[in-house]
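Engineer: Pasting a structure here, questions to come.
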Amino acid sequence: MKPAERSGARLAVVQALYEMEISGKGVIDALAEFEAFWIGQVIDEVEHPPAETAFFRDLLRGTVEEQRAIDQRLDAALAAGWPLRRLEAVVRAILRAGAYEVMFRRDVPVKVAISEYVDVAHSFYEGEEPGLVNAVLDKVGRAVRPDDFTKGSRAG
């Protein structure tokens with residue numbers, strides 16, 4: 001497991017979640033399409049990084065399966081009057097995947113997950129969105145894994 005391949009999996013999951021929301025595709029179709037045609041490929045002169053396949057599959061399936069709980073947690077973390085549905089689709093995908101990792105992947109340190117999804121946000125946005133992703137995922141992390149913030153900082 002290389003950190004770069006985990007980062008690639010996170011980026012691919014966000015792209016797959018976005019694609020699923022826009023097209024109405026299901027998890028099985030999205031997994032097959034991304035594994036066959038996107039991950040590790042160069043498309044329209046854009047290089048899509050290699051990704052750890054098992055991690056990609058878990059993140060995508062888990063985010064979809066736990067979406068109700070994730071969305072409730074994200075709505076609670078967002079500012080009043082700004083429910084998740086009001087955010088742009090890519091931001092929703094980033095927040096959902098990040099929240100899945102924070103809430104359900106206890107093997108990944110919270111601060112690592114947050115940092116990774118802030119990096120994903122930077123790959124799509126130059127404005128305020130990465131800061132929003134950081135603030136919301138930090139709030140989710142503090143709510144569901146408070147011990148990760150009181151212990152010494154752990155790298156991962």
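The values are calculated or read from the model by the stated rules, or taken from the named source; none is laboratory data. As the structure is a computational prediction, the values presented were derived from the model and not from experiment. Note that each Cβ is placed from the backbone with ideal geometry, even for glycine, and that neighbours are counted across all protein chains shown. Ligands, DNA and RNA are stripped out before the accessible areas are found, and what is left, the full protein with its side chains, is counted by its heavy atoms. Shrake-Rupley method; radii C 1.70, N 1.55, O 1.52, S 1.80 Å.
Engineer: Sorted by mean Cβ packing within 10 Å, highest first, what order do the peptides 59-66, 14-21 take?
Structural biologist: Averaged packing, sorted descending, gives the order 14-21, 59-66.
Engineer: Something else: With contacts defined as alpha carbon pairs under 8 Å and 6 or more residues apart, what's the relative contact order of the chain in percent?
Structural biologist: 22 percent
Engineer: Near Glu35, within a Cβ-to-Cβ distance under 12 Å, what is the net charge of the other residues, with Lys and Arg +1 and Asp and Glu -1?
Structural biologist: Once positives and negatives cancel, what remains is -2.
Engineer: Would you work out which of Val90, Ile114, Val42 lies farthest towards the positive end of the dipole of the chain? Charges go on Cβ: Lys and Arg +1, Asp and Glu -1.
Structural biologist: Result: Ile114, furthest along the dipole toward the positive end.
Engineer: Moving on to the next point. Treating only the Cβ atoms of Lys and Arg (+1) and Asp and Glu (-1) as charged, compute the dipole magnitude of region 1-80 about its Cα centre; round to the nearest 20 debye.
Structural biologist: Result for region 1-80 is approximately 320 debye, rounded to the nearest 20.
Engineer: Moving to a separate point now. Give, in nm to one decimal, the length gained when the segment between Glu45 and Asp29 is fully stretched (0.36 nm per residue of separation minus the Cα-Cα distance).
Structural biologist: Extending this stretch completely gives an extra 3.4 nm.
Engineer: A further question on this structure: Along the charge dipole of region 1-144, which of Ala79, Ala51, Ser123 sits closest to the positive end, that is, farthest toward it, with unit charges on the beta carbon of Lys, Arg, Asp and Glu (+1, +1, -1, -1)?
Structural biologist: The one lying farthest along the dipole's positive direction is Ala79.
Engineer: Per-residue HN-Hα couplings for region 128-142, Karplus 6.51 cos²θ - 1.76 cosθ + 1.60 at θ = phi - 60°, whole Hz, x for Gly and Pro?
Structural biologist: 8, 4, x, x, 5, 4, 4, 5, 5, 5, 4, 5, 4, x, 5
Engineer: If DNA, RNA and ligands are ignored and the probe is 1.4 Å, what is the ranking of Ile39, Ile22 by accessible area, most exposed first?
Structural biologist: Heavy-atom accessible area, descending, gives Ile22, Ile39.
Engineer: Convert 20 °C to kelvin, take the viscosity as 1.002 mPa s, use the Kirkwood radius over C-alpha pairs of region 11-62 as Rh, and evaluate the Stokes-Einstein diffusion coefficient in µm²/s, rounded to a whole number.
Structural biologist: For the chosen part, D equals 195 µm²/s.
Engineer: Given only helices, namely DSSP H runs of n ≥ 4 each adding -39500 (n - 2.57), what is the per-residue ellipticity at 222 nm of the chain, to the nearest 500 deg cm²/dmol?
Structural biologist: Roughly -21000 deg cm²/dmol at 222 nm, from the helical runs in the chain.
Engineer: Another question, then. In debye, nearest 20: dipole of region 1-144 around its Cα centre with unit charges on the Cβ of K, R (+) and D, E (-)?
Structural biologist: Taking the Cα centre of region 1-144 as origin, the dipole is about 720 debye.
Engineer: Turning to a different aspect of this structure: What does the net charge come to around Pro49 if you take all other residues with beta carbon closer than 14 Å to its beta carbon, with K and R at +1 and D and E at -1?
Structural biologist: Neighbour charge sum, excluding Pro49 itself: -3.
Engineer: What does the charge count near Ser23 come to, summing +1 for each Lys or Arg and -1 for each Asp or Glu among other residues with Cβ under 14 Å from its Cβ?
Structural biologist: Every neighbour counted, the sum reads -3.
Engineer: Now a separate question. How much accessible area does Lys2 have with a 1.4 Å probe, in Å² rounded to the nearest 10?
Structural biologist: Accessible surface of Lys2 is approximately 120 Å².
Engineer: If you plug each phi of region 49-66 into the Karplus form 6.51 cos²θ - 1.76 cosθ + 1.60 with θ = phi - 60°, what whole-Hz ³J(HN,Hα) values come out, in order, with x for Gly and Pro?
Structural biologist: These are the phi-based 3J(HN,Hα) values: x, x, 9, 5, 4, 4, 5, 4, 4, 5, 4, 5, 4, x, 4, 5, 5, 9 Hz.
Engineer: Something else now. Against the empirical 2.2 N^0.38 Å scaling, what ratio does the C-alpha Rg of the chain come to?
Structural biologist: 0.99
Engineer: Tabulate in residue order the Karplus-calculated ³J(HN,Hα) for region 12-18, using 6.51 cos²θ - 1.76 cosθ + 1.60 with θ = phi - 60°, rounded to whole Hz; enter x for Gly and Pro.
Structural biologist: 5, 5, 4, 5, 5, 4, 4
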